[in-house]
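Please treat every number below as a calculation from the coordinates, not as lab data. Quick caveat, the model's predicted, so the values are computed rather than measured. Ideal geometry is used to build each Cβ from the backbone, glycine not excepted, and the neighbour counts take in all protein chains shown.
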Amino acid sequence: MPEENLKLEDLLSKTKNYDKTDRINNVTIIGAGVMGQGIAQTIASSGIEVRLIERDESQLERAKISLSESLEREIKRWSLTQSEKKAILSRITWELNFDNVDTTDLIVEAVDEDFELKKGIFKELDELVKKDTIFVSNTSTLSLTKLAESTRRASKVIGMHFLHPVPKVPLVELVKCLHTSNETVEIVKEFAAKIGKTPVEVYEYPGFVTTRAIVPLLNEAMYILLEGVATAKDIDTAMKLGYNFAYGPLEMADMMGLDEVLAWMETLWKTLGEPRYRACPILRKLVRERKLGKKTGEGFYKYDSNGRITSE
């Protein structure tokens with residue numbers, strides 16, 4: 001083949017790849033909780049427009065304040081500037097309904113770990129968005145295949161399991177369900193790289209890699225606390241210094257949200273039936289008392305208004 005034809009073929013290949021990389025220019029996130037805020041910040045930081053939807057007005061206002069305060073804390077740590085904060089917030093549109101989702105390229109649901117809630121959102125959005133819009137679920141334990149089957153675009157449904165805190169954790173698990181097309185996987189891998197995440201492909205299975213591995217550790221730390229072996233602070237100190245963890249398991253659970261951790265455990269216990277996933281009674285007690293960790297100001301630790309630990 002002549003050299004000029006080779007060059008033309010290479011050019012066409014690069015153009016095709018460029019189109020795939022640049023396919024996602026507008027993202028809608030459903031759910032303005034801790035994960036939704038973190039995902040929105042991460043995507044907006046990469047220069048992509050984000051629509052963040054929360055159907056409860058008071059929750060939406062709390063989310064705006066929370067994200068702004070979080071960015072201010074980063075500025076105080078010299079890891080962000082005021083102009084960067086302004087740029088990030090300028091790319092986020094806050095809304096209370098699905099009225100303007102028709103032009104979005106990719107939708108991320110980041111609501112509670114409730115199958116019927118997620119299914120209902122996907123079914124409703126399936127009627128409103130473009131036929132080539134990709135649906136992403138941030139679920140960590142639920143069946144992505146069943147969620148996909150609630151839509152008419154099963155080949156365009158994929159999981160992106162982000163870890164908290166989203167802006168700081170460089171990993172995202174890409175979960176391909178039974179119907180996900182290879183094209184969807186490639187587009188979303190490119191998108192993950194564009195927003196600064198290293199994608200790890202995993203098979204659909206309860207808990208995937210990260211949740212399945214971390215839940216037994218969190219649960220065992222809770223049992224150690226319940227049995228009076230050591231205090232929460234000493235358990236966390238032992239794990240941080242002994243195994244070079246950035247956070248101890250109990251502090252980590254508080255950061256994740258104890259209600260979320262309990263939901264993961266209950267799903268894994270129900271689907272896999274293995275004792276290591278049976279939730280510790282102390283976790284159930286804290287959730288009943290609505291002491292859900294950092295987001296409510298108390299869990300295994302108490303927190304001040306800036307999210308800093310004040311006491312056990």
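Numbers below:
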{"read-out": "Antiparallel content of DSSP bridges confined to region 105-207, in %, to 5", "value": "25"}
{"read-out": "Order of Y205, Y277, Y243 - criterion: other Cβ atoms within 10 Å of each residue's Cβ, fewest first", "value": "Y243, Y205, Y277"}
{"read-out": "Candidate lysines for bridging to K194, where Cα separation is under 20 Å - those fewer than 8 sequence places away on the same chain excluded", "value": "K14, K16, K20, K85, K156, K168, K176"}
{"read-out": "Surrounding net charge for S305, when Lys and Arg each add one and Asp and Glu each subtract one, Cβ distance under 15 Å", "value": "+3"}
{"read-out": "Ranked F115, F135, criterion: other C-beta atoms within 10 Å, fewest first", "value": "F115, F135"}
{"read-out": "Spatial extent of region 54-113: Rg and Dmax, with the Cα atoms as the point set, Å", "value": "13.8, 39"}
{"read-out": "Long-range HN-HN contacts of N26 with modeled amide H, under 5 Å", "value": "D105, L106"}
{"read-out": "K270 versus D304: modelled label distance in nm, points set 7 Å from Cα along the beta carbon direction", "value": "4.0"}
{"read-out": "Calculated from backbone phi, Karplus (6.51, -1.76, 1.60) coupling profile of region 137-148 in Hz, x at Gly/Pro", "value": "10, 8, 4, 10, 9, 7, 6, 6, 4, 5, 4, 4"}
{"read-out": "Net length gained if the chain between N26 and S46 were fully extended (0.36 nm per residue, minus Cα distance)", "value": "6.0 nm"}
{"read-out": "Candidates F245, F162, F98: whichever shows maximal mean-square fluctuation once the chain is modelled as a Gaussian network with Cα springs under 10 Å", "value": "F245"}
{"read-out": "Length added when fully stretched, L60-R288, from 0.36 nm per residue minus Cα-Cα", "value": "79.6 nm"}
{"read-out": "Under the span-like rule (Cα at least 15 Å along the axis, Kyte-Doolittle mean at least -1.0), DSSP H helices of the chain", "value": "34-45, 57-76, 115-126, 182-194, 210-226, 232-243, 258-272"}
{"read-out": "Residue-count net charge about N219 - beta-carbon cut-off 13 Å; Lys, Arg +1, Asp, Glu -1", "value": "0"}
{"read-out": "Positive-end residue, the chain charge dipole about Cα centroid, Cβ charges, pick of G207, V185, L52", "value": "G207"}
{"read-out": "Rel. contact order, % - alpha carbon contacts under 8 angstrom, at least six apart, the chain", "value": "13"}
{"read-out": "Region 210-311: mean projected area of Cα convex hull, nm²", "value": "6.3"}
{"read-out": "Environment charge of F245, counting only residues whose C-beta is closer than 10 Å and scoring Lys/Arg +1, Asp/Glu -1", "value": "-1"}
{"read-out": "Virtual paramagnetic centre 7 Å along Cα→Cβ of K130, amide N under 16 Å, in region 28-56", "value": "28-29, 48-51"}
{"read-out": "Cβ crowding within 10 Å averaged over residues, with 31-37, 186-192 ranked highest first", "value": "31-37, 186-192"}
{"read-out": "Antiparallel bridge percentage (DSSP; both residues within the chain; nearest 5)", "value": "25"}
{"read-out": "Principal axis dimensions, the chain - Cα atoms, whole angstrom, descending", "value": "75, 47, 43"}
{"read-out": "CD proxy at 222 nm, helix term only [per DSSP H run n ≥ 4: -39500 (n - 2.57); per residue of the chain; nearest 500]", "value": "-15000 deg cm²/dmol"}
{"read-out": "Debye equation applied to the C-alpha atoms of region 102-167, log10 I(q)/I(0) at 0.12, 0.13, 0.20, 0.26 Å⁻¹", "value": "-0.27, -0.31, -0.73, -1.19"}
